[in-house]
Amino acid sequence: MNQNASQSPRPSAPSAVNLNEISGAIVDAAMKVHIALGPGLLESAYEGCLAHELRKRGHAVGVQVALPVIYDGVRIDVGYRLDLLVEDAVIVELKSVDKLAPIHEAQLLTYLKLSGKKVGLLINFNVLHLKDGIKRMVNNLPEDSPQRAQRGAEKTVEEGNGSIRGF
């Protein structure tokens, strides 16, 4: 699905509160899609429907957004694609699998690190109750940010020079 593969940049970086609002809107829209379609479809079906639902609600949504690697000062397109990029701020990685695996989390963490984005959602639609298929992950949020204050149990994964935190 390559429609809307590019997205115009937003004027300024979203605030921590705004990231929470965007994340909440994504989860709410995903719940609506899951209620309508249920589990068992291909990832691409959920991707198209979730993008549509978010756009209906007034959100800017990039689909299959290219994510290059910058190496030695050179931009190299190695084929990474973000399933959804909402408001040029929140990465959404969609799955339709029996169970999320550590490699799925690693994929989202890599996307967060390469893009410099702070918040990502890993959503597995192939579950009976969607709340059991959602994982929110953050990349190097400051200790005093509202997201950190509102989090539940935190998991920290050390990555290179910094840490990537997920919960």
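Does I26 satisfy being at pLDDT 95 or above, assigned to a helix (DSSP H, G or I) and more than 17 Å from the chain's Cα centre (by Cα)?
Considered against the rule, which asks whether it is at pLDDT 95 or above, assigned to a helix (DSSP H, G or I) and more than 17 Å from the chain's Cα centre (by Cα), I26 comes out as no.
Residue-by-condition table, conditions (1) at pLDDT 95 or above; (2) under 14 Å from the mean Cα position of the chain (by Cα); (3) of a type in the set (K, R); (4) exposed (fewer than 14 other Cβ atoms within 10 Å of the Cβ):
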position: Q64; (1), (2), (3), (4): yes, yes, no, no
position: G73; (1), (2), (3), (4): no, no, no, yes
position: L82; (1), (2), (3), (4): yes, yes, no, no
position: V92; (1), (2), (3), (4): yes, yes, no, no
position: K95; (1), (2), (3), (4): yes, yes, yes, no
position: L112; (1), (2), (3), (4): yes, yes, no, no
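Going through region 116-150 one residue at a time, which ones are modelled with pLDDT of 95 or more, in a helix (DSSP H, G or I) and buried (at least 18 other Cβ atoms within 10 Å of the Cβ)?
L130, G133
Please tell me if Y46 is of a type in the set (F, W, Y) and buried (at least 18 other Cβ atoms within 10 Å of the Cβ).
When the stated conditions are applied, Y46 passes them.
The values are calculated or read from the model by the stated rules, or taken from the named source; none is laboratory data. Note that this is a predicted model, so its numbers are computed, not measured. No Cβ is skipped: glycine too gets one built from the backbone with ideal geometry, and neighbour counts run over all protein chains shown.
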